[in-house]
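Read through the structure below, which is laid out as structure tokens, and then see the notes.
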Amino acid sequence: MTENSTNSMETLPDATSERIESNLGQSERLSAEALNSPISTEHGDEKFNGVEISKLTKRQLKKYHKYMQWQKAKKEKRSKEKQKSKEKRKHAKLNNIDLGPSRKELKRKTMEASPCQTAVCIDLSFDDLMIDKDMAKTVKQILRVYTENRRASAPMQLHLSSFKGRSKEEMERHNGYQHWDIHFHESHYLDIFPRDKLVYLTSDSDNVIHNLEDDKVYIIGGLVDHNGHKGICYNKAVEEGIAHGQLPIGEYFWMKQRKVLTINQVFEILIRVSEGKTFKEAFELILPRRKEIVSLTKTPEKTKCD
């Protein structure tokens, strides 16, 4: 796949879903369904899979009736969803509830138009270290990253490097991903960005990051490892001679276990900080509420994309 990005999206991925719908708008989706429909009309005669209804065999007729029932159920489902959405908007308006940005607003919130130029790159060079289940989880976390960035007040510059092989194959299960507002690169990040601008995020680093810098590219390891590859991102950064650092979790919280976060958790922390929250405030929003996470007292600092 050639390196590319695009700013023309129609839908967002569902962060809680294993799958993602196509980016086609409703009218386009309906047109696509019409093109793929087994029902056709020729000279006034309705046909099913190219055969006139009156000439269908019992088996074909059974399939025809099943298809028509499915179409009816789908139409009723869409009608209910539309009504439910309408009632939700009405309830929100009456109770002054914020439902988040509208579809029109989301289309305007692109990386290109964003005042935030801080870049985040997800390193997808770990395909050979993950089983299929973990590869799928990695891509699922990337979908959540994309959702967060699309809904951000000022989207960060989001890149995927080494996007090929198994990671690309897994992503292709999600229709329309090519149209998402992400920079896709088959190349390694060293072939994309200046070496002195890179900062690999790793909990094994002794360097603590207190502020996000606009001209830096923060790398997140695209690896679901369940603590099975301790130090791999840190060692990679050292071997490649690039800067590395960890988020200041230890300055605000005591954690019983090693500070390993998911890809989307790290990104969500970065996006909240880029919007003006302190790291402490971002940690309190994003980190799971567990007994092994204990808050410490420390005055936080704020950074924001202007």
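The values are calculated or read from the model by the stated rules, or taken from the named source; none is laboratory data. Note that the structure is predicted; figures quoted are calculated from it, not measured. So basically every Cβ, Gly included, is an ideal-geometry build from the backbone, and we count neighbours across all protein chains shown. SASA here: full protein model, heavy atoms, side chains in, ligands and nucleic acids out. Shrake-Rupley method; radii C 1.70, N 1.55, O 1.52, S 1.80 Å.
This table checks each residue for (1) out of contact with any helix residue (DSSP H, G or I) (no Cβ under 8 Å at 6 or more places or on another chain); (2) at pLDDT 95 or above.
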{"site": "ALA237", "(1), (2)": "yes, yes"}
{"site": "GLY241", "(1), (2)": "no, yes"}
{"site": "GLY245", "(1), (2)": "yes, yes"}
{"site": "TRP254", "(1), (2)": "yes, no"}
{"site": "THR262", "(1), (2)": "no, no"}
{"site": "PHE279", "(1), (2)": "no, no"}
{"site": "GLU284", "(1), (2)": "yes, no"}
{"site": "ARG290", "(1), (2)": "yes, no"}
{"site": "THR303", "(1), (2)": "no, no"}
Discussion item. Given the criterion of a type outside the set (S, T, N, Q), under 29 Å from GLY276 (Cβ atoms) and touching a residue at least 24 places away in the same chain (Cβ under 8 Å), identify the matching residue among GLY222, GLY241, GLY231.
Written reply: GLY222
Discussion item. Of the residues LYS75, LYS84, only one is open to solvent by 100 Å² or more (accessible area, probe 1.4 Å), at pLDDT below 90 and closer than 26 Å to ILE39 by Cβ; which?
Written reply: LYS75
Worksheet item: Would a scan of region 189-196 turn up a residue that is outside any loop (DSSP other than H, G, I, E, B), within 23 Å of GLU112 (Cβ to Cβ) and within 20 Å of the chain's Cα centre (by Cα)?
Response: yes
Worksheet item: If you go through region 157-165 one residue at a time, do you hit one that is in contact with a helix residue (DSSP H, G or I) (Cβ under 8 Å, 6 or more places away or on another chain) and on the phi > 0 side of the Ramachandran plot?
Response: yes
Fill in: Search result, residues across region 211-253 that are in a helix (DSSP H, G or I), out of contact with any Ser or Thr (no Cβ under 6 Å at 6 or more places or on another chain) and buried (at least 19 other Cβ atoms within 10 Å of the Cβ)
ALA237, ILE249, TYR252
Response to the item:
(1) at pLDDT 95 or above; (2) of a type in the set (Phe, Trp, Tyr); (3) farther than 17 Å from PHE126 by Cα all hold for TRP180 apart from (1)
Practice prompt. Within region 152-160, identify whether any single residue is out of contact with any Ser or Thr (no Cβ under 7 Å at 6 or more places or on another chain), over 15 Å from ILE271 (Cβ atoms), without any contact (Cβ under 8 Å) to a residue 40 or more places away in the chain and open to solvent by less than 30 Å² (accessible area, probe 1.4 Å), and answer yes or no.
Written response: no
Fill in: region 182-205 residues that are closer than 16 Å to ASN235 by Cα, paired with ones that are of a type in the set (Lys, Arg) and assigned to a loop (DSSP other than H, G, I, E, B) (beta carbon under 6 Å, 6 or more apart)
VAL199/LYS216; SER203/LYS259
Item to complete: Please determine, by comparing only the residues of region 121-150 that are open to solvent by less than 30 Å² (accessible area, probe 1.4 Å) and acidic (Asp, Glu), which one is farthest from the chain's Cα centre (by Cα).
Response: ASP127
